[in-house]
Amino acid sequence: MRRFSAEYLTDTRRGMWADREALAPLSLHDRERVLDVGCGTGELTRVLAEESPGEVVGADADRELLAHVEAAGRLQADATRLPVRDGAFDLVTCQALLINLPDPVAAVREFARASSDLVAAIEPDNSEVRVESTVPDEAALAESARRTYIEGVETDVTLGRSAADVFDAAGLVDVRTRRHEHVRTVEPPYSPAELESAQRKATASRLADQRPTLEAGGMTSSEYDRLRSAWREMGRSAVTQMQDDSYHRRAVIPFYVTVGRVPNSAED
């Protein structure tokens, strides 16, 4: 499973649940015990606790990430081997977890074992990400890198749209899906994290981290070198625009909220 830093998770999930309508199928107002699996730094865990009158527990395999979580309970655990009794929770959920697992069906089966009622997954389809930017080449470069990355990554990072199939394969019933768009904007005044992100583009440091995956997706060394050069130039343009407050970027990341019921709790 891929690992992410606390800073990365906090940055990419900031403001995601300003609008919580897409969470309505989780019936959070009725929940007594909720388990958030792969909770990372706890952004969704916090939302669940705010919307539910019951106990909310955050679970993650990474002890360092778990230390950032504010919840009634914290549990260090692997998503496919949860150390809880059968039906211990009436909702087991996750956000952007299944896309990073080699066997998402096995994880959802484990969620169903641990739940007495509902299982939910909030997963993106990274093939549908849309970027707009005042730097002319940024959107095209991001799209080119994304397509190759998706081809090279070992897990299904486009799973969001088809998460219902995973739920069906895991034996859940009454499966429903709702789309939620996470819109991330960069505009003045720029935050320290946004300024740092632009600097990373100018050095192409994150692109370097992704090089093995890009090459696994079919990118040759010469293609990577050309992309890196164009990426650094794009980053420098973003930094220059930030200096006179003219840089604007808008990214739309589609998430699919999929909810299913464990069979023995299904309504007639």
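The values are calculated or read from the model by the stated rules, or taken from the named source; none is laboratory data. None of these values were measured; they are calculated from a predicted model. Note: ideal-geometry Cβ built from the backbone for every residue, glycine included; neighbour counts use all protein chains shown. To get the accessible areas, we keep the full protein, side chains included, count just its heavy atoms, and leave off ligands, DNA and RNA. Shrake-Rupley method; radii C 1.70, N 1.55, O 1.52, S 1.80 Å.
Looking across segment 147-158 at every residue that is in a helix (DSSP H, G or I) and open to solvent by 20 Å² or more (accessible area, probe 1.4 Å), the one that is nearest to ASN100 (Cα to Cα) is identified as ILE150. Considering (1) open to solvent by less than 40 Å² (accessible area, probe 1.4 Å); (2) touching a Gly at 6+ places or on another chain (Cβ under 9 Å); (3) more than 24 Å from ASP125 (Cα to Cα), the lone condition that THR203 does not fulfil carries the number (1).
How many residues are open to solvent by 20 Å² or more (accessible area, probe 1.4 Å), among the acidic types (Asp, Glu) and under 20 Å from VAL37 (Cβ atoms) when one looks only at segment 116-143? Residues in segment 116-143 being open to solvent by 20 Å² or more (accessible area, probe 1.4 Å), among the acidic types (Asp, Glu) and under 20 Å from VAL37 (Cβ atoms): 1 in total.
Restrict the check to segment 43-64 and report whether at least one residue is in a loop (DSSP other than H, G, I, E, B), farther than 22 Å from ALA114 by Cβ and modelled with pLDDT under 95. No, segment 43-64 has no match at all. Residues in segment 8-39 that are in a loop (DSSP other than H, G, I, E, B) and modelled with pLDDT under 90 were compared, and the one that is most open to solvent (accessible area, probe 1.4 Å) is ARG14. Screening segment 180-222 for helices (runs of 4 or more DSSP H) wholly inside it with 3 or more residues that are free of Cβ contacts under 8 Å to residues at least 24 places away in the same chain and of a type outside the set (D, E, K, R) returns no ranges. Just need a number here: residues in segment 61-115 that are surrounded by fewer than 21 Cβ atoms within 10 Å (Cβ to Cβ) and of a type in the set (Phe, Trp, Tyr). Adding up the residues that qualify gives 0. For the structure I just gave you, tell me whether ARG161 is open to solvent by 40 Å² or more (accessible area, probe 1.4 Å), touching a residue at least 24 places away in the same chain (Cβ under 8 Å) and assigned to a strand (DSSP E or B). The answer is no for ARG161.
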